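Enquirer: Dropping a structure here in structure tokens format, bear with me for questions.
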Amino acid sequence: MKEIKMALLAIATLTLLATIAGCSSTKVASAKASDTSSAKPGEEKESEKSTASNGSANKPLAVTGEIAGSQVFIKGRTVEIWAKWCSDHEVTQAEYQSIMGENPSKFSGSNKPVENVSWYDAIMYCNKKSVAAGRTPCYKVDGKTDTKQWGYTPHNGNSISGTITCNFNADGYRLPTEAEWEYFARGGNTSNSGQTEYSGSNTIGSVAWYDGNSRNETHEVKKKTANSLGLYDMSGNVWEWCWDWCGSINQSTDSTGAASGSFRIVRGGGWGDYASYCTVSRRIYSNPFYRDYDLGFRVVCSRSE
């Protein structure tokens, strides 16, 4: 591991650069992220785009086959997509404030994506939102779904102690697995025909806020063109946390990713990144306690809306 200095809005910040097999680089501060790879509004409504439905409320969609350029959909691996619904936008500051009671974002705006949130903050939001909606929470810490028993203070630079598990059969809100995220980003296209470099287009400016057009800030969600599933901002604006531990992927890797690790996967690219970081295939990772001004998330659900 080594520390590197990066510029964020002309302010030098220190970030951690690590190397783990199978993941291309760490999540570093916005601006130009270092690459170690060889090839990297409003309330959610029940009428929002329902995706990945395979006609069954209980069975996942099985995806088998290799997609060129993907490190997730590889030859010999069958991936299960449990999510039947994906939010068409990144969690907004208004949504986050309504559930968590505070807004840690740097770039203020009710319909801008919430940012500066850790992976731990995100899973707490998911459970609290699930309870508010009368659904079964997905996440447990030492067997407990009640966030009041987690001993965790969000936005405080700390971590959740204990064993964290996810019930993918529960009907609550959760983070997507990395495979689910990439499936949605590719518009549900699992063939090698009609694939796009970015989510919904080969022209990044039409679908993403990135370093070439963002003016060094986030933007309101759903202002760019959606992909074929009606999902916005899966390339650019803010990076999105996924459930998975970072690890190498092979034919036998579980659909929910590596069994253990030290870093969690983030996908999609952000407002301060090169176009190459906003592709549907780029994988990077970060410490789950890490927060940054271009790091947010969106939610999925294993129940069709």
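The values are calculated or read from the model by the stated rules, or taken from the named source; none is laboratory data. In this text, all values refer to a predicted model and were calculated from it rather than measured experimentally. Cβ atoms come from the backbone with ideal geometry, glycine included; neighbour counts cover every protein chain shown. Side chains included, ligands, DNA and RNA excluded: accessible areas come from the protein's heavy atoms. Shrake-Rupley method; radii C 1.70, N 1.55, O 1.52, S 1.80 Å.
Enquirer: Can you give me the Rg/Rh ratio for region 90-195, using Cα atoms for both radii and the Kirkwood formula for Rh?
Expert: Taking Rg over the Kirkwood Rh, I get 1.02.
Enquirer: Can I ask one more? Once you have the Cα-Cα distance between Ser276 and Gln149, take 0.36 nm times their residue separation minus that, and quote the gain in nm to one decimal.
Expert: Contour length minus the Cα-Cα distance gives 41.6 nm.
Enquirer: Moving to a separate point now. Please give me, ordered by residue number, the GluC sites (Glu not before Pro) of region 140-230 that lie in loop per DSSP and have at most 11 other Cβ atoms within 10 Å.
Expert: none
Enquirer: Also: Distance cut-off 25 Å, Cα to Cα: go down the list Lys106/Lys129; Lys75/Lys224; Lys84/Lys140; Lys106/Lys140; Lys75/Lys129; Lys129/Lys222 and report the pairs above it.
Expert: Violating the 25 Å Cα-Cα cut-off are Lys75/Lys224; Lys106/Lys140; Lys75/Lys129.
Enquirer: Would you work out the charge dipole size for region 62-183 about its Cα centre, treating the Cβ of every Lys and Arg as +1 and the Cβ of every Asp and Glu as -1, and quote it to the nearest 20 debye?
Expert: Approximately 260 debye in magnitude.
Enquirer: If you consider only alpha-carbon coordinates, what radius of gyration and Dmax does region 201-305 have, in Å?
Expert: Cα only, region 201-305: 14.4, 43 Å (Rg, Dmax).
Enquirer: Based only on Cα atoms, what Rg/Rh ratio does region 142-238 have, Rh being taken as Kirkwood's radius?
Expert: 1.08
Enquirer: Tally up the carbon and sulfur contribution to the accessible surface of region 216-305 as a whole percent, 1.4 Å probe, everything protein left in place.
Expert: That share works out to 42 percent.
Enquirer: Output the Kirkwood hydrodynamic radius of region 132-173, Cα pairs only, in Å rounded to one decimal.
Expert: 11.1
Enquirer: I want to verify the translational diffusion coefficient of region 62-142 in µm²/s; compute it with Stokes-Einstein, Rh as the Kirkwood radius over Cα pairs, at 25 °C and 0.890 mPa s.
Expert: 162
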